[in-house]
Every structure is written in C-alpha cells, then in structure tokens.
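Colleague: A single structure is presented below for examination.
The values are calculated or read from the model by the stated rules, or taken from the named source; none is laboratory data. Fair warning: this is a prediction, and the values are worked out from it, not measured in the lab. Every residue, glycine as well, gets a Cβ built from its backbone with ideal geometry; the counts of neighbours run over all protein chains shown. When the accessible area is computed, the model is the full protein with side chains, heavy atoms only, and any ligands, DNA or RNA have been set aside. Shrake-Rupley method; radii C 1.70, N 1.55, O 1.52, S 1.80 Å.
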Amino acid sequence: MSTMTAEATQVYSVFIRATPEQVWDAITKPEFTAKYFYGARIENSENGHRSLGPDGSVWGDEPTFEYEPPRRLVHGWRSLYDPELAEEERSRVTWEIEPQEGGITKLTVVHDQLERAPKTAESVSGDGWMMVLSGLKTLLETGEPLVEVSEGEAS
C-alpha cells in the first residue's frame with residue numbers, strides 16, 4: 001500500500017485474493033462495510049453514497065458521479081460524523097477495480113479534490129484509508145474482520 005500524507009490527492013492500492021464482483025459487493029453493500037469501515041453501514045448506488053454510523057447517525061450523504069459495476073465507482077465525500085470536518089468542502093473518492101491473473105483483484109482508491117478540505121485530508125491520510133483497505137482485504141480473504149468495531153466508534 002502507498003500514500004502521500006495529507007496531500008490534496010491521495011492514492012492507495014492493494015491486491016486482494018477475490019473476484020472483482022466480490023470486491024464490488026464489499027464496497028457497495030452495508031452488510032459488508034460495517035465489518036471493515038469503522039462500523040459504518042455504507043450503501044453506494046447509482047443514486048448516491050450514504051453512510052450511517054453504528055448508532056444510526058448520518059456520517060455521509062453525497063452524490064455518486066460514476067457507477068460502473070464491478071469496475072469503477074466515484075462518489076463525493078464529506079465526513080459528517082465530525083463537526084469540524086463537516087464544515088469543509090466536498091472531496092471525491094474513486095474506487096478502481098482491476099482483475100489480475102490467478103484470482104487476484106487490484107483495488108485502487110484515489111481520494112482527491114482535498115485542496116479545500118485540509119482537515120479531511122489529514123484525517124483520512126495514512127492509517128485512515130490504510131486501515132479501511134486492510135480490513136477489506138482481510139474480510140474478503142478470511143471471512144473475518146481485521147478488528148472488532150464497537151458501538152459508536154468513528155475514525
């Protein structure tokens with residue numbers, strides 16, 4: 001995995017032993033995201049990106065810009081779970097899913113348009129996105145979450 005700390009464009013890649021369809025389901029269905037995305041129940045659809053915290057509070061409610069199952073998803077991002085972050089402008093998250101040989105899929109996440117969201121950039125850089133992607137990889141490869149998420153936990 002790689003990252004550029006608190007930059008306006010952050011890029012993370014991971015190879016996962018799973019099909020593109022399995023990766024797609026894991027990033028678009030709340031029953032999966034709750035197990036690796038800090039407890040958030042995230043639903044990504046053609047109609048938008050909606051994220052609910054473990055307590056049911058709205059953590060994100062943004063538009064979807066591109067929806068191409070199981071290859072590409074682009075949506076807006078605002079961290080509504082934190083009042084300071086919620087004041088910042090929207091940024092954008094792109095999920096690119098590429099099949100590889102041998103039953104492996106390359107997942108690349110690009111979080112950009114962070115120029116006017118410096119606190120969000122700092123919040124998601126480094127361990128933020130790396131923990132999400134490590135949790136996703138672990139869940140798909142082992143069927144078990146990387147860490148147990150407690151009620152009300154946020155990044």
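Colleague: What ³J(HN,Hα) values, in whole Hz, does the Karplus curve 6.51 cos²θ - 1.76 cosθ + 1.60 give for region 53-62 when θ = phi - 60°, with x put for Gly and Pro?
Modeller: x, x, 8, x, 6, 7, 9, x, 8, 10
Colleague: Once the Cα atoms of helix 127-142 and of the chain are each reduced to a long axis, what angle between those two axes, in degrees from 0 to 90 to the nearest 10, is obtained?
Modeller: Around 30 degrees separate the two axes.
Colleague: So, with a 1.4 angstrom probe, what is the percent of accessible area on the chain that is carbon and sulfur? Write down the numbers at each step before the final one.
Modeller: Numbers: 3600 of 7730 Å².
Taking all protein chains in place, the chain shows 47 percent carbon and sulfur surface.
Colleague: Would you mind getting the accessible area per residue of region 30-96, heavy atoms of the protein chains only, 1.4 Å probe, in Å²?
Modeller: Details: 3260 Å² over 67 residues.
Averaged over the residues of region 30-96, the accessible area is 49 Å².
Colleague: Pick out, in residue order, every one of the GluC sites (Glu not before Pro) in region 1-90 that is DSSP loop and has at most 13 other C-beta atoms within 10 Å; say none if there are none. Each step should come with its number before you reach the end.
Modeller: Working: sites: 7, 21, 31, 43, 46, 66, 84, 87, 88, 89; in loops: 7, 46, 87, 88, 89.
Hits after loop and neighbour filter: 46, 87, 89.
Colleague: Mind jotting down the three principal axis lengths of region 10-142 based on Cα atoms? Whole angstrom, largest first.
Modeller: That gives 44, 30, 28 Å along the principal axes, largest extent first.
Colleague: Straight-line reach from residue 106: which lysines fall under 26 Å, measuring Cα to Cα and dropping same-chain residues less than 8 apart?
Modeller: In chain and number order, the partners are 29, 35, 137.
Colleague: With unit charges on the beta carbon (Lys/Arg positive, Asp/Glu negative), name the residue among 60, 44, 22 whose Cα is farthest towards the positive pole of the charge dipole of region 10-142.
Modeller: Going by the Cα projections, it comes out as 22.
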